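The structure appears below as structure tokens.
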Amino acid sequence: MQFQQLRYFAAVAETGHFTRAAESCHVAQPSLSQQIRSLERELGAELFHRGRGSTTLTDAGEALLPLARRILADTESARRAVQETVQLRRGRVRFGAPPSLCVSLVPDVLREYRTGYPGVELVLQEDGSRDLVRSLRAGELDLALVITPRAREAPALAVTELLHEELVLVTAEPLRRRRARIEDLRERRLVMFREGYDVRETTLAACRAAGFEPRYAVEGGEMDAVVGLVRAGLGAAVLPGMVAARSGLAVTPFAAPGLGRTIAVAHGGELPLSRAAAEFRTVLLAHLAEAARIGALPPGTRLLPGVA
């Protein structure tokens, strides 16, 4: 049973005439009649009473007609769904990012994508890079912003490094010096992120390399909580530059060699991205390139070669 046979059958049933049905289907009448005869042979029953002035359905034809209409309608719905997805009038993007990027870079990118493709569903997973890499490998995300080298530990992923972001010291009141040193953290109480934040791991590693363990004013916060606690004067914190630029806190960069991290976009390397996800990646890269061109990236944050 072929789709065209059902289409011709439904046309004859609706017009009551083989010639008019052929005209509506833009096919020669003998071809239409031949296809319906083939359908009748396959089903083992005549579908029409053929008279000189009229063509009416047999009992078998009456039984087939609602089923044929349903199949034709479902096929048309499938065709439209595919066309809408290809043309990005619908679809879904499952995107992940660390909390620090969810409060800095991600909202602007999501806004730009939503403006261009309002019919595409956006699903955001906010998590640490370790968990985002795990979700990518499990096929639970289409693509994600992650911190390297975490992404490089998963060879099954396709990874493109985008940005180098400076980590800075933030305080409620400005410091007297223009540059901070890691050793300055020895005497300061820090508002520290919970375990799982790459900023926490980087800060601890730098302090230990300098020969000391930092002291905490408060430990275990999420991004918004850390910013709020520093603003309240409970202590200092090390933040990503893009977050610090929006925090309203006093920002002091670290003296060379400084602290920093590399941000990459990653997706599963075994299957190609969907059209919607590929376009999301394009919007992300275009946003970063434009921000770099107009000087909108915070000091110490730079686009890596090959992204623009």
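The values are calculated or read from the model by the stated rules, or taken from the named source; none is laboratory data. In this text, all values refer to a predicted model and were calculated from it rather than measured experimentally. Heads up, the Cβs are rebuilt from the backbone with ideal geometry, glycines too, and the neighbour counts pull from every protein chain shown. Ligands, DNA and RNA are excluded from the accessible area calculation, which covers all protein heavy atoms including side chains. Shrake-Rupley method; radii C 1.70, N 1.55, O 1.52, S 1.80 Å.
Considering only VAL109, ALA78, LEU88, whose Cα is most displaced toward the positive end of the charge dipole of the range 78-133, charges sitting on Cβ of Lys, Arg (+1) and Asp, Glu (-1)?
ALA78
Quickly work out the ALA172-to-GLN2 label distance, labels modelled 7 Å from Cα along the C-beta direction, and quote it in nm with one decimal.
So the two model labels end up 8.0 nm from each other.
Residue-wise, which Karplus ³J(HN,Hα) couplings in Hz belong to the range 199-214, taking 6.51 cos²θ - 1.76 cosθ + 1.60, θ = phi - 60°, and x for glycine or proline?
With the stated coefficients, the range 199-214 comes to 5, 4, 4, 5, 5, 4, 4, 5, 5, 5, 5, 7, x, 8, 9, x Hz.
Not counting ligands, DNA or RNA, and with a 1.4 Å probe, what is GLU166's accessible surface area in Å² rounded to the nearest 10?
Taking all protein chains as shown, GLU166 has close to 40 Å².
Carbon and sulfur: what percent of the chain's accessible surface (1.4 Å probe)? Display every interim value, and only then the final one.
Values: 7870 of 15980 Å².
Carbon with sulfur: 49 percent of the solvent-accessible area.
Each residue of the range 225-239 in turn: what ³J(HN,Hα) in whole Hz from Karplus with 6.51, -1.76, 1.60 and θ = phi - 60°, glycine and Pro shown as x?
Once θ is set to phi - 60°, the couplings for the range 225-239 become 5, 4, 4, x, 6, 5, 4, 6, x, 6, x, 9, 8, 9, 10 Hz.
Which distance in nm do the two modelled labels at ALA158 and GLN29 give, with both placed 7 Å along the Cα-to-Cβ direction?
Going by the 7 Å Cα→Cβ label model, 5.5 nm.
When the chain is fully extended, how far beyond the present Cα-Cα distance does ARG208 get from THR56, taking 0.36 nm per residue of separation?
45.8 nm
If I build a Gaussian network model for the chain, linking alpha-carbon pairs within less than 10 angstrom, which residue out of THR160, THR75, THR202 has the largest mean-square fluctuation?
THR75
At 1.4 Å probe radius, can you tell me the per residue accessible area of the range 38-87 in Å²? Each step should come with its number before you reach the end.
Values: 3410 Å² over 50 residues.
Per-residue value: 68 Å².
Nearest 0.05, what FRET efficiency do ALA45 and ARG89 give at R0 = 25 Å with Cβ-Cβ as r? It would help to have the intermediate numbers written out before the result.
Values: r = 42 Å, r/R0 = 1.67.
So, using R0 = 25 Å, E works out to roughly 0.05.
Take every DSSP beta bridge with both residues inside the chain and express the antiparallel ones as a percent of the total, to the nearest 5.
Working: 29 of 45 bridges.
So the antiparallel bridges amount to about 65 percent of the total.
What list of ³J(HN,Hα) values in whole Hz, one per residue of the range 23-40 in order, does the Karplus curve 6.51 cos²θ - 1.76 cosθ + 1.60 (θ = phi - 60°) give from phi, with Gly and Pro shown as x?
Once θ is set to phi - 60°, the couplings for the range 23-40 become 5, 5, 8, 6, 9, 5, 4, x, 5, 5, 4, 5, 5, 5, 4, 5, 5, 5 Hz.
Using alpha carbon centroids, what distance separates the range 40-85 and the range 202-221, in Å?
73 Å
(1) 5, 18, 18, 13, 14, 15, 11, 6, 1, 0; (2) 6, 21, 21, 14, 9, 9, 8, 7, 5, 1, 0; (3) 6, 30, 37, 21, 5, 1, 0: which one is P(r) over Cα pairs in 10 Å bins from 0, in percent as calculated from this entry?
(2)
Keeping all protein chains in the complex and leaving out DNA, RNA and ligands, what accessible area do you get for MET223 with a 1.4 Å probe, in Å² to the nearest 10?
10 Å²
If you put +1 on each Lys and Arg Cβ and -1 on each Asp and Glu Cβ, how big is the dipole of the chain around its Cα centre, in Debye rounded to 20? Provide the component values of the computation, followed by the final result.
Numbers: 40 positive and 36 negative charges, 135 e Å.
It works out to roughly 640 debye.
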